[in-house]
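The structure appears right after this line, and notes come after that.
The values are calculated or read from the model by the stated rules, or taken from the named source; none is laboratory data. Note that this is a predicted model, so its numbers are computed, not measured. Using ideal geometry, Cβ is built from the backbone for each residue, glycine included, and neighbour counts are taken over all protein chains shown.
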Amino acid sequence: MVMNKQPFLLLAVFATLALLSCEPKVKSQLPSKGELDVTKVVYIGDGQMGGYMNDGLKNEGQKNSLANILAAQFELIGSNPANIPWINSASIGISTTGLAPLHLGYKTDCQGNVSLSPIRDASIGDLSSISQSCYNANSPFTVFGIPGLKLNQFTNTSLAGTNAFYNRMCATPNTSLLDELLAQNATFFQLYIGLEDVLDYAKSGGTHETLPSDLLFQQNYEQVVQNLTANGAKGAIATIPDVSQMPYFTTIPWNGLTLDNSNVGTLNNIYNPLGFYFQLGANPFMMVDSSANMFAVRQIQSSELLLLSLPLDSVKCNQMGVLFPIRDEFVLDANELSMLRGKIQSYNNFIRQIAQTYNLALVNTDQFVSNLADGFTYNGVSMSAKFVSGGAYSLDGIYLNPRGNAHFANAFIKAINQKYHSTIPEVNANKFDGVRFP
Amino acid sequence: MNSFIKIIFLFFGLQVGVFSYGQGFQVNFQGQKQQGMGCAGAALNLDASSLFFNPGASAFANKSEVNLAGTTIFAHVLYTDSTTQTSFRTQNPVGTPFSAYGLYHFKKSLEPLSIGLAVYTPFGSTVQWDPNWIGRFALTRLSLKAIFFQPTFSYRISERFGLGAGFVLSNGSVNLQKDIPIQDSLGQFGHAELAGKAIGFGYNGGILYHVNHKFSMGLSYRSKVNMSVNNGNASFTVPSALVSSFPNGTFSSQLPLPSVLTLGLCFTPNAKWSFVLDINRVNWKVYDTLAFDYAQNTSALGDTKSARNYKSICAFRGGAAYTATKKWTFRLGGGFGFTPVQSGYVTPETPDANRLYGTCGFSFTANHHFSIDASLYATRMQRTDKNLETQLNGTFTTMAFAPGISLNYRW
């Protein structure tokens, strides 16, 4: 009898061992701050830093801003939490031009076709969301992500009068942004500035001749960095991306003019005398070019870009791009593009030089944006610069959405870790929202 | 107790030369006695489970036998992402590979002949990841099952030489799920589920040769089985605006289960001891691509082809058995298998690595008819890789324990 019990005893031992079945233990690297002093970290930039997306600023965007994502990771190495000039979470938010932000919805075009399209949340933005001052002397802001902010506005003492986003957060209306920043006495700053300086030109199809001269750009940039580092603070600065790689400029195809038998003949009759020929299928749109010929019209080239501001209903139903050539404000032509890219390159050369001179971490935003344009895979998710489906840009085609911001934040973290020998963990970008579909 | 201590001592002394394996999504739990000895045993007739290990060995059966066995696999995988330093775990259900063997031994003029039916699960895997894990867009769940039915003839040509062969019908199912990185208006991610039944055919043959009273060798070959999924069911949960881009429908796919060539050696110096060693060559090279062909393609839903690029590998396994009394036998063993998964191709469905494992077990023979076997298998493996396709970059640590039991009846 004793022997007969033994198998069951042994079985019990096996079963216990199995139930113990110890799981593998977590052995992850502890975040360390390396050479960083994170006593006071401030975030400085335009809307991209502050959470502007879908052509608007609202609470949801601020939560998913470049600054807030970075701040959460910096908290892991003992930094202060971000202090953000929050917009009321109940507000629909507002764009820099007073409009309501965009969402993806159904739109009926002039031909009666219903399709997915960015549409405004409301007929106008919520002006009240930014009309009241939210400044609190006891709790100074650490995030200065001011939509529309340009480099030449840092020392402008009347900025509050022209930028409501700044007006609501500044201590007094006639303090310059630079003075506000210096009052923070930051030990580490993260600065991404210069995008708005080139966007004005690009988004106007080159009709606003507002690209700053190299000299002015250099003076302004160095002045900001010099002041921010005067107390010994360290920081990260970022280059300016080639904005022409963003979906605002790459979504509408140059050869989107599709012709059938009935209209190809008509167009050839009209345009052949000028030397322009049309064929069945895809054809280049017609655009205005004063230097082209006496009619100031020509076909757009494959290297030239049509802007997302192009009124598509006029194209579909009113012969825009066909009998009525597309106006200059909707096109970045070859000359304008080469001017734009040349300027960005020379600004970036200077930013790189400043990073060296002042011994700062350098974030290669230009590289980041061009990687997006090429497309990459991240933890099973394909990311690209394609409008809506690419997953990184918001519906305005320029500012990144939350997931895009998370990837951009990782570019900051990599550059900072490399420069200051810290081990701040990157964020899981896939946890953040891409574009939401109805 | 004394006999236990001896065996453990022996095992450590033997370890360098005693290896074995269980790689990819292969499951090497087809016999409790073999599992006690590092999953080796192609060179001897242990019981009816030889129908699987070497049908040639079954030719040396001198009784009819029924053998029912089950193993429970407790497997835990921890994934630590290298860039975010975040960790995620699997929530795997307990794996339950089983086997059922029936062997009929003829008497009188048909004495050298045995026939049998083997039912077993040589491949399979269920991996269930934490629903919010960082690789959710690569995989959330994979369940792969294959049950092999193998009718077998074994014939003893001489006192020394036996051969056997069986036909294999494999019936299986696959269920693969992952999230789609598209969000609805509430921010919920989409989900894809591919489920289907698969059928495949193959064979299993082997020979056993007794060199002398102390030494025997076996050679067995289990063929490749191509599991084909036709009319699998593809279902997608996506925002309503994109339903037409992700049509629910059917898909087809193929999963090749590799052939295994085994050379087995057995040394029996006396009535108390026996030592076994198996060397496997597993032709994993056949698994080069995992492809899904959807019946209805759209601009968003194309057929997929994922490179797997497995390589053929060798594995070594072995162990010893000590027959302490007429009723008790104790076993100890272990093994080592190279991984078929090359760098750049490690996936969350098979986070495989070179694998070292240890096993032990015992048998209790109640009487001439009835006996019980039990075994325990344990392994730990780790693999750090950056997957070329998904860019998943981190370390998988796997721990698995597998206790098993079998009931045998002979007559």
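Just a yes or no: is a residue in region A:274-295 in contact (Cβ under 8 Å) with a residue 40 or more places away in the chain, closer than 26 Å to A:THR108 by Cα and among the small types (Gly, Ala, Ser)? So far as region A:274-295 goes, no, none of its residues is in contact (Cβ under 8 Å) with a residue 40 or more places away in the chain, closer than 26 Å to A:THR108 by Cα and among the small types (Gly, Ala, Ser).
Close contacts from region B:360-383, counting a first residue that is buried (at least 20 other Cβ atoms within 10 Å of the Cβ) and a second that is of a type in the set (Asp, Glu) and modelled with pLDDT under 95, with Cβ to Cβ under 9 Å and a gap of 6+ residues or different chains, come to B:SER371/B:ASP47; B:ASP373/B:ASP47; B:MET381/B:ASP352. Note on region B:286-315: among residues that are outside any strand (DSSP E or B) and without any contact (Cβ under 8 Å) to a residue 40 or more places away in the chain, the one that is nearest to B:PRO348 (Cα to Cα) is B:ARG308.
What residue, among those in region A:26-55 that are under 11 Å from the mean Cα position of the chain (by Cα) and in a loop (DSSP other than H, G, I, E, B), is farthest from A:LEU178 (Cα to Cα)? By that ranking, first place goes to A:ASN54. Taking region A:56-146 and the strands (runs of 3 or more DSSP E) fully enclosed by it, no element has 1 or more residues that are under 18 Å from the mean Cα position of the chain (by Cα) and outside the structural domain of A:GLN184 (by TED's automatic domain parsing). Within region B:362-410, the set of residues being of a type outside the set (A, V, I, L, M), part of a loop (DSSP other than H, G, I, E, B) and at the interface with chain A (Cβ under 9 Å from one of its Cβ atoms) comprises B:ASN387, B:GLU389, B:THR390, B:GLN391.
What residue, of A:LEU181, A:LEU215, A:LEU177, A:LEU191, is over 19 Å from A:ASP242 (Cβ atoms) and either surrounded by fewer than 19 Cβ atoms within 10 Å (Cβ to Cβ) or of a type in the set (Gly, Ala, Ser) (or both)? Explain how you work it out, then say what you get.
Details: A:LEU181 fails: either surrounded by fewer than 19 Cβ atoms within 10 Å (Cβ to Cβ) or of a type in the set (Gly, Ala, Ser) (or both); A:LEU177 fails: either surrounded by fewer than 19 Cβ atoms within 10 Å (Cβ to Cβ) or of a type in the set (Gly, Ala, Ser) (or both); A:LEU191 fails: either surrounded by fewer than 19 Cβ atoms within 10 Å (Cβ to Cβ) or of a type in the set (Gly, Ala, Ser) (or both).
So the residue among A:LEU181, A:LEU215, A:LEU177, A:LEU191 that is over 19 Å from A:ASP242 (Cβ atoms) and either surrounded by fewer than 19 Cβ atoms within 10 Å (Cβ to Cβ) or of a type in the set (Gly, Ala, Ser) (or both) is A:LEU215.
On inspection, B:PHE401 fails the criterion of being modelled with pLDDT of 95 or more and either at positive phi or in contact with a Phe, Trp or Tyr (Cβ under 9 Å, 6 or more places away or on another chain) (or both). A:ARG436 fulfils the conditions (1) in contact with a strand residue (DSSP E or B) (Cβ under 6 Å, 6 or more places away or on another chain); (2) within 10 Å of chain B (Cβ to nearest Cβ); (3) surrounded by 22 or more Cβ atoms within 10 Å (Cβ to Cβ) except for a single criterion, (3). Checked against (1) facing chain B (nearest Cβ under 10 Å); (2) part of a strand (DSSP E or B), A:SER389 passes all but a single condition, namely (2).
Does B:ALA353 satisfy the condition of being part of a strand (DSSP E or B) and closer than 27 Å to B:ASN92 by Cβ? So B:ALA353 fails the test.
Here B:ASN309 clears all of (1) more than 27 Å from the chain's Cα centre (by Cα); (2) on the phi > 0 side of the Ramachandran plot except the condition numbered (1). The residues listed here are B:ARG331, B:ARG308, B:ARG355; of these, the one that is modelled with pLDDT of 95 or more and either among the basic types (Lys, Arg) or in contact with a Phe, Trp or Tyr (Cβ under 9 Å, 6 or more places away or on another chain) (or both) is B:ARG331.
Might you let me know whether region A:405-412 holds any residue that is surrounded by fewer than 22 Cβ atoms within 10 Å (Cβ to Cβ), touching a residue at least 40 places away in the same chain (Cβ under 8 Å) and facing chain B (nearest Cβ under 10 Å)?
In the first step, residues of region A:405-412 are kept if they are surrounded by fewer than 22 Cβ atoms within 10 Å (Cβ to Cβ); the result is A:411.
When the remaining residues are screened for being touching a residue at least 40 places away in the same chain (Cβ under 8 Å), the result is A:411.
With facing chain B (nearest Cβ under 10 Å) added as a condition, the list becomes none.
No; the residues of region A:405-412 include none that is surrounded by fewer than 22 Cβ atoms within 10 Å (Cβ to Cβ), touching a residue at least 40 places away in the same chain (Cβ under 8 Å) and facing chain B (nearest Cβ under 10 Å).
Of the residues that make up region A:159-178, is at least one charged (D, E, K, R) and touching a strand residue (DSSP E or B) at 6+ places or on another chain (Cβ under 9 Å)? Checking region A:159-178: not a single residue is charged (D, E, K, R) and touching a strand residue (DSSP E or B) at 6+ places or on another chain (Cβ under 9 Å). Against the list (1) more than 14 Å from chain A (Cβ to nearest Cβ); (2) buried (at least 16 other Cβ atoms within 10 Å of the Cβ), the condition B:LYS214 fails is (2). Hey, any hits in region A:251-262 for a residue that's in a helix (DSSP H, G or I) and not aliphatic (A, V, I, L, M)? Scanning region A:251-262, I find at least one residue that is in a helix (DSSP H, G or I) and not aliphatic (A, V, I, L, M), so the answer is yes. Within region B:316-345, if we keep just the residues that are among the aliphatic types (A, V, I, L, M) and assigned to a strand (DSSP E or B), the residue that is nearest to B:ALA402 (Cα to Cα) turns out to be B:LEU332. Whether any residue in region A:254-263 is among the aromatic types (Phe, Trp, Tyr) and loosely packed, with under 13 Cβ neighbours inside 10 Å is what I want to check. No - not one qualifying residue is present in region A:254-263. Scanning region A:247-281 for residues that are touching a Lys or Arg at 6+ places or on another chain (Cβ under 7 Å) and of a type in the set (Val, Ile, Thr) yields no hits at all.
What number of residues within region A:97-114 satisfy the criterion of being under 22 Å from A:LEU149 (Cα atoms) and touching a residue at least 60 places away in the same chain (Cβ under 8 Å)?
Let us first name the residues in region A:97-114 that are under 22 Å from A:LEU149 (Cα atoms), namely A:97-102.
With touching a residue at least 60 places away in the same chain (Cβ under 8 Å) added as a condition, the list becomes A:102.
Here the count works out to 1.
Among all positions in region B:244-261, there is at least one residue which is among the small types (Gly, Ala, Ser) and closer than 20 Å to B:SER143 by Cβ.
Across region A:205-250, the number of residues qualifying as part of a helix (DSSP H, G or I) and over 30 Å from A:ASP37 (Cα atoms) comes to 10.
A:ALA171 meets the conditions (1) part of a loop (DSSP other than H, G, I, E, B); (2) buried (at least 18 other Cβ atoms within 10 Å of the Cβ) in every case but one. The failed one is (2). Summed over region B:65-93, the residues that are within 12 Å of chain A (Cβ to nearest Cβ), in a strand (DSSP E or B) and touching a residue at least 40 places away in the same chain (Cβ under 8 Å) give a count of 13.
Specify the residue that is nearest to A:ILE69 (Cα to Cα); the eligible residues are those in region A:415-431 that are within 10 Å of chain B (Cβ to nearest Cβ) and either of a type outside the set (S, T, N, Q) or within 20 Å of the chain's Cα centre (by Cα) (or both). Step by step, filter region A:415-431, then rank; the result is A:VAL427.
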